[in-house]
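Below you'll find the structure, written out as structure tokens, and then a few comments.
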Amino acid sequence: MTIALIGAFLATPAQASQFEKTWKFAVLLDGSEIGYHTFRVTGDETEKRVSSEAQFDVKFLFINAFRYRHVNDERWINDCLYELDASTDSNGKRFEINGEATPAGFVVEANSREDQLPQCVMTFAYWNPDFLREERLLNPQSGEY
């Protein structure tokens, strides 16, 4: 079984310091499209808002064998995650993740569990190549670091 993302990048002209960028990916399973994943980033050099939505449906013999829905809203300040609000339904298993920066670090609440993480954390920020340099990332679906 092979899953692939095929995508397009769209940029919207804006004021000199403001920007909006959108990535739209088709999700393929063994060459057939099963859904999509979209990222939208708005803001400026200092503060960004990131919205992500994913939907996958895998059908087998006319039956929906797997259903995935994910929405994620993030606020970033100076390339550090400042706020996170995510909701996922992975084939009936639900995840609710919330997080925010505090003076002591980034606090994340995930399915009635609370963890305090370092001050500057990153998610799988595909829109920012700097995430590749991170040793650890926050998973916005599960809340795991």
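The values are calculated or read from the model by the stated rules, or taken from the named source; none is laboratory data. What you are looking at is a predicted structure, and each value in this text was computed from that prediction instead of being measured. For neighbour counting, all protein chains shown are included, and Cβ atoms are generated from backbone atoms with ideal geometry for every residue, glycine included. Accessible surface is based on the protein model in full, side chains and every heavy atom, while ligands, DNA and RNA are left aside. Shrake-Rupley method; radii C 1.70, N 1.55, O 1.52, S 1.80 Å.
Could you report the accessible area of R75 in Å², rounded to 10, computed with a 1.4 Å probe on the protein chains as they sit in the structure?
Approximately 50 Å² for this residue.
Among K93, K24, what's the order by accessible area (1.4 angstrom probe), most exposed first?
K93, K24
For the chain, set up a Gaussian network in which alpha carbons nearer than 10 Å are linked by springs, and say which option among V108, V58, V27 fluctuates the most.
Taking springs between Cα atoms under 10 Å, the residue moving most is V58.
Determine, for the chain, the count of lysine pairs separated by eight or more sequence positions (or lying on different chains) whose alpha-carbon distance falls under 26 Å.
5
Pull up all non-local amide H partners of E144: gap of 5 or more, or a different chain, and H-to-H distance under 5 Å with H placed in the peptide plane.
N139
May I ask you to list the GluC sites (Glu not before Pro) in region 34-63 that are in a DSSP loop and have at most 12 other Cβ atoms within 10 Å of their Cβ?
Answer in residue order: E45.
Taking square-rooted eigenvalues a ≥ b ≥ c of the alpha carbon gyration tensor, is region 34-145 rounded, prolate or oblate, where a/c under 1.5 means rounded and, failing that, a/b exceeding b/c means prolate?
Note, shape of region 34-145 comes out prolate.
Gap in Å between the Cα centre of region 79-135 and the Cα centre of region 21-73?
Each part reduced to its Cα centre gives a spacing of 18 Å.
With all protein chains present, calculate the accessible area of R67 using a 1.4 Å probe and round the result to the nearest 10 Å².
The accessible area comes out at roughly 100 Å².
How much accessible area does S142 have with a 1.4 Å probe, in Å² rounded to the nearest 10?
Counting only protein heavy atoms, S142 exposes about 20 Å² to solvent.
Report, to the nearest whole %, how much of the accessible area of the chain belongs to carbon and sulfur atoms, 1.4 Å probe, protein only.
For the chain, the apolar C and S fraction of the accessible surface comes to 51 percent.
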